[in-house]
Amino acid sequence: SPLRIADDYNHLGTVLAHLHHDRAAFEHFHHALKIQRDQLRPTDLELVRTHLRIASVHNQMKEFSSSIDEYEKVIEILESSHPNELQLLGQTYNKIGSIYLRLRNFPSALEHQKRALRIQSEILPEDHPALATRHFNLAVI
């Protein structure tokens with residue numbers, strides 16, 4: 001089935017990304033995304049996962065603007081259709097904040113890290129290590 005083929009493209013892309021064959025990984029993820037867009041609802045979590053993979057490869061390739069664009073697509077889907085995926089939403093805001101920090105865009109980094117902390121504070125126990133990491137990230141900024 002087409003979705004099985006999309007899964008295969010995603011698996012191959014993941015292996016290629018781990019081997020730092022970024023361009024090939026990127027192409028595989030885009031093939032998967034094209035198939036998924038044809039077969040799934042635009043808000044399906046599989047699309048979210050593929051956008052996350054594409055964002056990660058962009059980040060590895062130091063294409064930070066494109067990485068942020070992909071992460072923003074993830075946020076858009078999660079906020080509009082998956083209100084219970086708060087952990088993933090918080091992690092995505094953290095990733096964007098980390099990119100902005102790397103780019104030395106401190107106001108945007110701070111904004112995204114604060115959002116990550118706020119979201120994850122709602123769902124994690126106050127002694128969870130992820131919250132300590134978010135507090136550390138805010139202190140660095």
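The values are calculated or read from the model by the stated rules, or taken from the named source; none is laboratory data. Predicted model only: the values in this text are computed from it and were never measured. When we count neighbours, we look across all protein chains shown, and the Cβ atoms used for this are built from the backbone with ideal geometry, even at glycine. Ligands, DNA and RNA are excluded from the accessible area calculation, which covers all protein heavy atoms including side chains. Shrake-Rupley method; radii C 1.70, N 1.55, O 1.52, S 1.80 Å.
Evaluating R53 against the criteria (1) touching a helix residue (DSSP H, G or I) at 6+ places or on another chain (Cβ under 7 Å); (2) more than 17 Å from I96 (Cβ to Cβ); (3) charged (D, E, K, R) leaves one unmet condition, (2). Looking at region 120-132, can you tell me whether even one residue there is among the polar types (S, T, N, Q) and either crowded, with 20+ Cβ neighbours inside 10 Å or at pLDDT 95 or above (or both)? So far as region 120-132 goes, yes, one or more of its residues are among the polar types (S, T, N, Q) and either crowded, with 20+ Cβ neighbours inside 10 Å or at pLDDT 95 or above (or both). Taking the criterion of being in contact with a helix residue (DSSP H, G or I) (Cβ under 9 Å, 6 or more places away or on another chain) and open to solvent by 50 Å² or more (accessible area, probe 1.4 Å), the residues of region 63-82 that qualify are E63, S65, D69, E72, K73, E79. Suppose the filter is over 11 Å from the mean Cα position of the chain (by Cα) and open to solvent by 10 Å² or more (accessible area, probe 1.4 Å); does K34 pass it? Yes; evaluated as a whole, the condition is true for this residue.
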